[in-house]
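Quick notes on the structure that follows.
The values are calculated or read from the model by the stated rules, or taken from the named source; none is laboratory data. Owing to the predicted nature of the structure, the values given are computational and were not obtained by experimental measurement. Cβ placement follows ideal geometry from the backbone for every residue including glycine, while neighbour counts extend to all protein chains displayed. The protein model used for the area step is the full one, side chains on, heavy atoms only, and it has no ligands, DNA or RNA in it. Shrake-Rupley method; radii C 1.70, N 1.55, O 1.52, S 1.80 Å.
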Amino acid sequence: MYNQPMLREDALKGKTIIVTGGGTGLGKSMSRYFSQLGANVVITSRRLEVLEATAKELEQETGGKVLPVACDVRDYEQVEAMIAKATETFGEVHVLVNDAAGNFISPTERLSVNAFKSVIGIVLEGSINCTLALGKQWIKNKQTNRTVLNIVTTYAWTGSGYVVPSACAKAGVLAMTRSLAVEWAKYGIRMNAIAPGPFPTKGAWDRLVPEPYRDKFDLKKQVPLRRVGEHQELANLAAYLVSDFSAYVNGEVVTIDGGEWLQGAGEFNLFDDVSGEQWDMIEQLTRKAKS
Ligand code: HXC
Ligand code: NAP
C-alpha cells in the first residue's frame, strides 16, 4: 500500500519544479512522481550524462517534460545560469527542491579541512545559493505562490557522530527553512523541509554503509517499524508539500523515519527486549516499591 501514488492526477499541472540532485536516488524518485503529476521538472547536478539518462527515462515513463541542466550548486554563477535556463525553457519556476547533498562516514578527527568544506559547500552553501538566487527572482518579479522544500535529515537537530560535516550543514539548512518561512511569507513564498530516516540509495549506502558492513550496521534495526523507507512514501510527502494542497503549511519539518530518531531519544525504549515473564517479575518488584 505504501508504494501507491497518493495525490490525484494533474495535482502539479502547470508547475515548474527544480530538483537539485534530481538525477539519482531520492531526487530522481521525487522527480518521477512530480512529472507523473503533471509538473515540468528541471533536474540538476554536476554529471550531465547521469542527468540526461534520467531525463530520458522519466520522460519515456511519464510523458512529461524533464530538462537536464548541469550545475555545481556550490558555484553561485552556475546556479544563476541553471535558473535562467529553466526560466527560458518553461517561462517561470514555481518550486525549488534542495535535495543535492554530499556525505560520507568518517571519524571527525580523520577529516581534512577540505573534506569538511566539501560537504558544507554542497549541502549548506548549495541550498543557500539556489534559494537565494530563486528567491531574489521571485521577489523582484512579484511572483507569489512559490515554495521551497529542503531535504534534511533527523540528525539536523539531534546531531550524529561520524557524519559531523553533514550534521552541521543540515542543521544550517533547517535554520534557513524556519527563518525564511517567516521572513519571506509576505512575498508569498513558503518554505518547508522533510527529514527522512533511512531510504536505501546507491549514493548514500556506498558512502555510509558500504559492503561488507551492511549487515553489521543494518539501519532498519534501529527503526521501531523495523523497515527502511520506500521511495514512493517520500515522493508522496514531497508532492504534497510542494502542491497547493499544503498552502497553509509553512516552516514545518516533517519527519518520515518510522520512529527512528525517537527510538534513541526515549529514556526507557531499551526495555523493548524485555520478555513477558520478565515484565511479570518487574511488575512484582515495582509494586513492592510502595511498601
Ligand atoms: C575521508 C574523504 C572521503 C572519505 C572524500 N574525502 N571522501 N575524507 N573519508 N570517505 C575528502 C577528500 O580527500 C578531499 O579532501 C575532500 O573530502 C573532498 O573530496 P573530493 O572527492 O575532492 O570532493 P568532491 O569531488 O567535491 O566530492 C564530494 C564528496 C563525494 C562529498 C566527497 O562523496 C560526492 O560527490 N558525494 C555526492 C553524493 C553523496 O554524497 N550522496 C550521499 C548523500 S546521503 P582533501 O583534503 O584530500 O582534498 C545523505 C544523508 C544520509 O546526505 C542519511 C542516511 C540515513
Ligand atoms: P544521492 O543519490 O547520492 O543524491 C545526491 C545528489 O546530489 C546526487 O544526484 C549528486 O549528483 C548531487 N550533488 C552532489 N554534489 C553536488 C553539487 N556540488 N552540485 C549539484 N549536485 C550535487 O543520495 P540520496 O540518498 O538520494 O540523497 C538525497 C537527499 O536525501 C540528500 O539531501 C540526503 O542528505 C537526503 N537524505 C537521504 C537519506 C537516505 O537514507 N538516502 C536519509 C536522509 C536524508 P552529482 O554527483 O551528479 O552532482
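Look through segment 103-118, keep the residues that are farther than 15 Å from Gly161 by Cα and not charged (D, E, K, R), and return whichever of them is nearest to the chain's Cα centre (by Cα).
Step one: of segment 103-118, the residues farther than 15 Å from Gly161 by Cα are 112-115, 117-118.
With the extra rule that they be not charged (D, E, K, R), the set shrinks to 112-115, 118.
Values: Ser112: 26, Val113: 25, Asn114: 24, Ala115: 21, Ser118: 19 Å.
Only one residue tops the list, namely Ser118.
Filter segment 56-87 down to residues that are of a type in the set (Lys, Arg) and in a helix (DSSP H, G or I), then give me how many there are. Talk me through it step by step, then tell me what you get.
So the first thing to find is which residues in segment 56-87 are of a type in the set (Lys, Arg), and the list is 56, 65, 74, 85.
With in a helix (DSSP H, G or I) added as a condition, the list becomes 56, 85.
Result for segment 56-87: 2.
Need the failing condition index for Gly172 against (1) touching an Asp or Glu at 6+ places or on another chain (Cβ under 8 Å); (2) modelled with pLDDT of 95 or more, just the number.
All conditions pass for Gly172, except number (1).
How about segment 122-162: which of its residues are in a loop (DSSP other than H, G, I, E, B) and of a type in the set (S, T, N, Q)? Working first, answer last.
Step one: of segment 122-162, the residues in a loop (DSSP other than H, G, I, E, B) are 141-145, 152-154, 159-162.
Those that are in a loop (DSSP other than H, G, I, E, B) and of a type in the set (S, T, N, Q): Asn141, Gln143, Thr144, Asn145, Thr153, Thr154, Ser160.
Listed here are the residues, each with its yes/no results for (1) at pLDDT below 95; (2) open to solvent by 30 Å² or more (accessible area, probe 1.4 Å); (3) within 11 Å of ligand 2 (Cβ to nearest atom); (4) hydroxyl-bearing (Ser, Thr, Tyr).
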site: Asp99; (1), (2), (3), (4): no, no, yes, no
site: Leu111; (1), (2), (3), (4): no, yes, no, no
site: Val123; (1), (2), (3), (4): no, no, yes, no
site: Ser127; (1), (2), (3), (4): no, no, yes, yes
site: Gly135; (1), (2), (3), (4): no, no, no, no
site: Ala167; (1), (2), (3), (4): no, no, yes, no
site: Thr177; (1), (2), (3), (4): no, no, no, yes
site: Ile189; (1), (2), (3), (4): no, no, no, no
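Would you mention how many residues in segment 5-55 are open to solvent by 10 Å² or more (accessible area, probe 1.4 Å), in a loop (DSSP other than H, G, I, E, B) and over 22 Å from Lys202 (Cα atoms)?
11
Looking at the structure I just gave you, is Arg74 in contact (Cβ under 8 Å) with a residue 12 or more places away in the chain, crowded, with 16+ Cβ neighbours inside 10 Å and among the charged types (D, E, K, R)? Working first, answer last.
Working: in contact (Cβ under 8 Å) with a residue 12 or more places away in the chain: yes; crowded, with 16+ Cβ neighbours inside 10 Å: yes; among the charged types (D, E, K, R): yes.
Yes, satisfied.
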